[in-house]
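Contents: one structure, followed by commentary.
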Amino acid sequence: MLLSAVATVGLVIIATCNLQPQQRFEMTLGHDRPMITRLGPPPRVKLDGASQIILEGPVYFTVRAPHWYHTIDVTIDYQPGTLDITGVGGQTGEGFQYAVTPITNVESLEDGWRRVTTTLGRRGLYNPKNTTQILLQTGPGAGTERGLRIRSITATLSR
Amino acid sequence: MHLIVMIHALFRVIWYVSASLFFLLVLVEYLEPGFVVNWFHPAWLLLIGIPSGIISLHKSPTI
């Protein structure tokens, strides 16, 4: 009886998590989580304390969520060095096929970091087994530090 | 009922509940990838259920 109650509560919690209007997944830099992976491929990124340095672009990560979440807002807090973020895109087919959206709305934060939010529509993208691969495109930056420093990446999925 | 017989019965219930829940969650995960595994991995149920099942297979001592 008690076990059935615990199981039912567990099922309700899982269902509630998946039926919310929005899901917000924050990347744990350097670690894979079930809903959002780390940045890769590994030779192009380096973990440096609480932040991650992109040494070479493009880099990728994957988000997994049920198919009824149609929009992904990717928010990146970063500091440009010799590289800067130029676009964010989603995979549209097998292999290297990405629809990259150039970034335009860069916001300067009070603590010197920059924030960019890009909205990707999930419907036109390639979503095998509910996973969406997202690419960060880089270009030359104006800074002196090697690469590009990332503080956080958040994917907000909306229905 | 003797305590040890009750414990055997409890382990049997744990086995049935966790195994049936495991198959239910695997089915849901197959139909909608990420629905379950994003929040809870069903393998934990087997980790609890299999030892309970093995214990409950042993003949309950009748005292």
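The values are calculated or read from the model by the stated rules, or taken from the named source; none is laboratory data. Just so you know, these numbers come straight off a predicted model, no measurement behind them. Cβ coordinates were reconstructed from backbone atoms using ideal geometry, including for glycine residues, and neighbour counts include every protein chain displayed. To get the accessible areas, we keep the full protein, side chains included, count just its heavy atoms, and leave off ligands, DNA and RNA. Shrake-Rupley method; radii C 1.70, N 1.55, O 1.52, S 1.80 Å.
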* Asked: Between A:ASP32 and A:THR8, what FRET efficiency comes out of the Förster formula 1/(1 + (r/R0)^6) with R0 = 30 Å and r the beta carbon distance, rounded to 0.05?
  -> 0.50
* Structure fact -> Whole-Å distance linking the alpha carbon centroid of the range A:1-66 with that of the range A:104-123 is 20 Å
* Structure fact -> Ordered by number, the residues of the range A:45-82 with at least 50 Å² less accessible area in the assembly than alone (1.4 Å probe) are A:ARG64
* **Global form of chain B, assessed from the alpha-carbon gyration tensor, a/c cut-off 1.5** => prolate
* So, with +1 on the Cβ of K and R and -1 on the Cβ of D and E, and no other charges, what is the size of the charge dipole of the range A:10-159 about its Cα centre, to the nearest 20 debye? -> 420 debye
* Asked: Can you give the helix-only mean residue ellipticity at 222 nm for chain A, where every DSSP H stretch with n ≥ 4 adds -39500 (n - 2.57) and the sum goes over all residues, rounded to the nearest 500 deg cm²/dmol?
  -> -4000 deg cm²/dmol
* To do: Please give the residues from the range B:7-25 for which the solvent-accessible area of heavy atoms, probe 1.4 Å, is smaller by at least 10 Å² with all protein chains in place than with the chain isolated.
  => B:VAL13, B:ILE14, B:VAL17, B:LEU21, B:LEU24, B:LEU25
* Asked: Over all distinct alpha-carbon pairs, what is the Kirkwood Rh of the range A:42-84 in angstrom?
  -> 12.8 Å
* To do: Run the 1.4 Å probe and let me know the accessible area of A:PHE25, rounded to the nearest 10 Å².
  => 10 Å²
* **Globularity index of chain A, i.e. its alpha-carbon radius of gyration over 2.2 N^0.38 Å** => 1.14
* **chain B, relative contact order [Cα under 8 Å, separation at least 6], %** => 53 percent
* Structure fact -> For chain A, the per residue accessible area (1.4 Å probe, Å²) is 51 Å²
* Rg and Dmax of the range A:56-133 over Cα atoms: what are they, in angstrom? -> 13.5, 40
* Taking only Cα atoms, what is the 0 to 90° angle, nearest 10, from helix A:2-19's long axis to the longest principal axis of chain A? -> 40 degrees
* Relative packing of peptides A:104-113, A:122-131 - highest average C-beta neighbours within 10 Å first -> A:122-131, A:104-113
* So, in nm, how far is label A:MET1 from label A:THR101 when the simple model puts each one 7 Å beyond its Cα toward the Cβ? -> 5.4 nm
* Chains B and A: how much accessible area gets covered up at their contact, both sides added, probe 1.4 Å, in Å² to the nearest hundred? -> 1400 Å²
* What is the range A:1-143's relative contact order, in percent, from Cα pairs under 8 angstrom and six or more apart in sequence? -> 25 percent
